[in-house]
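Okay, so here's the structure we're looking at.
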Amino acid sequence: MSRKAANESNVRVDVENQKWAIVGIIGAFLERYNKDNAKELREKFSEKYDALINQHKHDDLTKLSQFYRLISEFRLALESILEPGPIYENLCDRMVEMFDITLAGIQRQIDNKIRHPSDGPILPGSDNKTSIKFFCTVCEQFLDIPEVLKEQLLISDERIELPEHHDKELEIRIVSTEEDTLEMKSNKSVSKIKSARELMGYSSTEIEEIQQNKDKLAKIFPEILSQADNDIGEYLNVLSVGIDVGSSTSHLVFSGLTLRRERSFFNMSNRFYLINRKIIYEGNIIDTPLIDRFTIDIDTVVEFFEEEYKKADINPEMVDTGAVIVTGETAKKQNAEEIVRRLSSETGKFVSAAAGPNFESLLGAMGSGIVDLSLKNENTIMNVDVGGGTSNLAIVSKGSVLSTSCINIGGRLLGIDKKFKIWRIDEPTEFLMKELNMDYHIDDIIPEEDVRTIAHEYAKALVEVMRGPAKSKIAKELMMTSNLDFSIPIDEFSLSGGVAEMFYGDETEYNDIGKYLAEEIKFLMEKYNLTLLEPENKIRATVIGAGAFSLSVSGSTCYFDKTILFPLENLPVININIRKENYSPKKLKEEVIRAFKRFDMQEGKDLVALYFKDPIHRNNFYLSDFAKAIEKVLPNSIANNKMVILIFDQDMGGSVGIALRRETSLQNNLICMDELELEEGDWIDIGAPLYSGQAFPVTVKSLVFNKNKNH
């Protein structure tokens, strides 16, 4: 047998387990799209798959050839239950990704058998032909021992407690490191593993087209390609798009995101963490097209974004994730929801939301960079995102958004051209003109003095709610939400949004009162000595970035109602600001009410995931008290039999679930999960439970804002 053939025959791959996983994935996929006959189709696929594979069992003598057969027969088996089309191709794409990961691991196995002897003479005692490693008897895998711990194990006379893997203490095994390196070095025939698409029967033209898209992505992520190639599965490159249809303007941003999975013996997490983000393309900015004051011109908007894709040289198929956000006055238009559906369905895989006023405030604070800045400086900052139709306020303290609010103040509420001819008057300006005894209509010429008066009144109302609750008639009338919570003193103020560009010195004009509004806000902030800082992002604050995703697996102590049908999709994560030191049933109720309000959602109506970071002590008394408090703060959800989803970052999901079942009337439609790292603003999908219902796969689709970090 040749050395090449020997290498291939020694490949380690669990073919049976791979086949079981493939059938399981097909089953989960069918349950999502064919709920009525999913089980029947799954069995049909499995039977066809087995029949195709068994035809060649006498020829496939090695593990590698058997795995090749799994891949090559997949599409034919799939065609027995699915017609070729978008759903079929989407499933094939997902399977290619899974196959390629395993194939890359096989390639590394073969490559690692070809090593060169070290240069120079070998000193006595340094030719180590054996070593020690940890061995897990559950998964039958060898794991590297950290050098410090290895030294202790070798020289210590006392028993050292060993770490656990799969809840069982690891064993120490002696392994051989001796290789016939000279023979390997002389062997020039190195096996090259085939690609999954090649094995699945894709034509050279199809593979070339797919490769062209990959080459475009390679230009986006050049700095980590070599690193990723050497460490397959540990790095993930994501192309995201953010689309914002606002009161004044519409635009998009493409971003390249690099995620890394921190894998080591002491960190077994499967979560990918964002380590780098760079803007690939900042699109043109256009005035948001309207058919009339109540209706968005959807066709024109869609055409604009299609052209932006072409200018960026990006195909929709290349985009992994993103967000479509309709904000400000535009979110009030009668077809706002339609444009979100249209854009998200036609241009990729998105977290889609017509942002309500409080949610837009949250996005503005995060997108401007103020959330990160407040964490870095350990202080409290108020961010005010002044756009075309609304001003969105958020108080951020040490990296957490504590309070949000919104007022109808923006540069596009009165549209005027260079000759002061009015071309747009929105309802807030109609109200304000009446209060100021002004009577102007579309096509009228308005004196600059009156324009400045209107801008001054808007600025005065805005600064009023920046300094405290709305008290004047005008400020109260313009408020869209409740006032901010001023229980924590504000250290600094920042402005983002389109008007902020002019506030900080940009002289671009947009045929509205934005320039005058910026001047008046600046005058009043200086008058009241409000400490000002300039955020990193202004006009693009709510759109910069837009959607990273990662796959996490929850902890193994979860609780769920067995009648719940999975997957659960597009669940907004709402953070409940409760800690051990401030927990009480009263405080829990206040924070739950505040959290729903932040997202413009209603308890008992909207399905959300409530996220807790270490909220209580774990003894039975506190668990019982916490369970009863949860029942009281979610009365409408329980009465309406709405699903209750509780997620904890600590190991306590199972305990809380059992306490709720034992102590309260919440007997079904309940999920309690733990050991997940989430952020407010994340959207998650929860897949069918793994490991006999002990853990859940969770896809995290974060709204990624201004992050450019190297860890």
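Every number here is computed from the coordinates shown, using simple stated rules; none is lab data. Everything numeric in this text was worked out from a predicted model, so none of it was measured. With ideal geometry, Cβ positions are generated from the backbone for all residues, glycine too; neighbour counts draw on all protein chains shown.
What dipole magnitude, in Debye to the nearest 20, does segment 555-695 give about its Cα centre under +1 on Lys/Arg Cβ and -1 on Asp/Glu Cβ? Walk me through the numbers on the way to the answer.
On the way: 17 positive and 21 negative charges, 138 e Å.
Here the size comes out at about 660 debye.
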Kindly write out, for segment 565-582 in residue order, the coupling ³J(HN,Hα) from the Karplus curve 6.51 cos²θ - 1.76 cosθ + 1.60 (θ = phi - 60°), rounded to whole Hz, with x marking Gly and Pro. 8, 9, x, 9, 10, 6, 9, x, 8, 10, 7, 9, 7, 10, 10, 3, 6, 10
Gained length - N335 relative to K278, 0.36 nm times residue gap less alpha-carbon distance: 17.2 nm
Under a plain spin-label model, where a point goes 7 Å from the Cα along Cα-to-Cβ, how far apart in nm are K473 and T563? 5.6 nm
Inter-site label distance for L162 and A639 at 7 Å from Cα along Cβ, in nm: 5.8 nm
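Provide the net charge surrounding E663, with neighbours chosen by a C-beta distance below 14 Å and charges set as Lys +1, Arg +1, Asp -1, Glu -1. All intermediate terms of the calculation are to be shown ahead of the outcome.
Values: positive: K628, K632, R661, R662; negative: D625, E631.
Neighbourhood net charge equals +2.
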Rounded FRET efficiency, nearest 0.05, which uses the C-beta distance separating D287 from E79 and R0 of 41 Å: 0.25
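Sorted from fewest to most neighbouring beta carbons within 10 Å, what does the list S665, S397 look like? Mind showing how you got there, number by number?
Details: S665 9, S397 20.
Placing the least packed residue first, the sequence is S665, S397.
What does the charge count near V644 come to, summing +1 for each Lys or Arg and -1 for each Asp or Glu among other residues with Cβ under 11 Å from its Cβ? Display every interim value, and only then the final one.
On the way: positive: K642; negative: D561, E603, E631.
Spelling it out: positives minus negatives among the neighbours equals -2.
Assuming R0 = 25 Å, what is the FRET efficiency of L143 and A28, from their Cβ-Cβ distance, to the nearest 0.05? Don't jump to the answer; show the numbers that get you there.
Working: r = 30 Å, r/R0 = 1.18.
Efficiency for this residue pair is about 0.25.
Stretched out fully, how many nm does the piece from S65 to T531 gain, at 0.36 nm a residue minus the Cα gap?
On the way: separation 466, 0.36 × 466 = 167.76 nm, distance 6.89 nm.
Answer, rounded to one decimal: 160.9 nm.
Taking the beta-carbon count within 10 Å as an exposure proxy, list D385, D439, D625 from fewest neighbours to most.
Numbers: D385 33, D439 8, D625 18.
Going from sparsest to densest Cβ surroundings: D439, D625, D385.
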For H58 and E590, FRET efficiency with R0 = 51 Å and r from the beta-carbon atoms, rounded to 0.05? 0.15
Obtain the nm distance between the two label points defined at I172 and D297 by a simple spin-label model: each point lies 7 Å from its Cα along the Cα-to-C-beta direction. 7.6 nm
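Could you give the length gained on full extension between K522 and S624, defined as 0.36 nm per residue of separation minus the Cα-Cα distance, in nm?
Numbers: separation 102, 0.36 × 102 = 36.72 nm, distance 5.28 nm.
Net length gain for the segment: 31.4 nm.
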Which GluC sites (Glu not before Pro) in segment 365-462 pass both tests, a DSSP loop state and at most 16 other beta-carbon atoms within 10 Å? E378
Using the Karplus curve 6.51 cos²θ - 1.76 cosθ + 1.60 with θ = phi - 60°, what ³J(HN,Hα) values do you get for each residue of segment 98-103, in whole Hz, with x for Gly and Pro? 5, 4, 5, 5, 5, 4
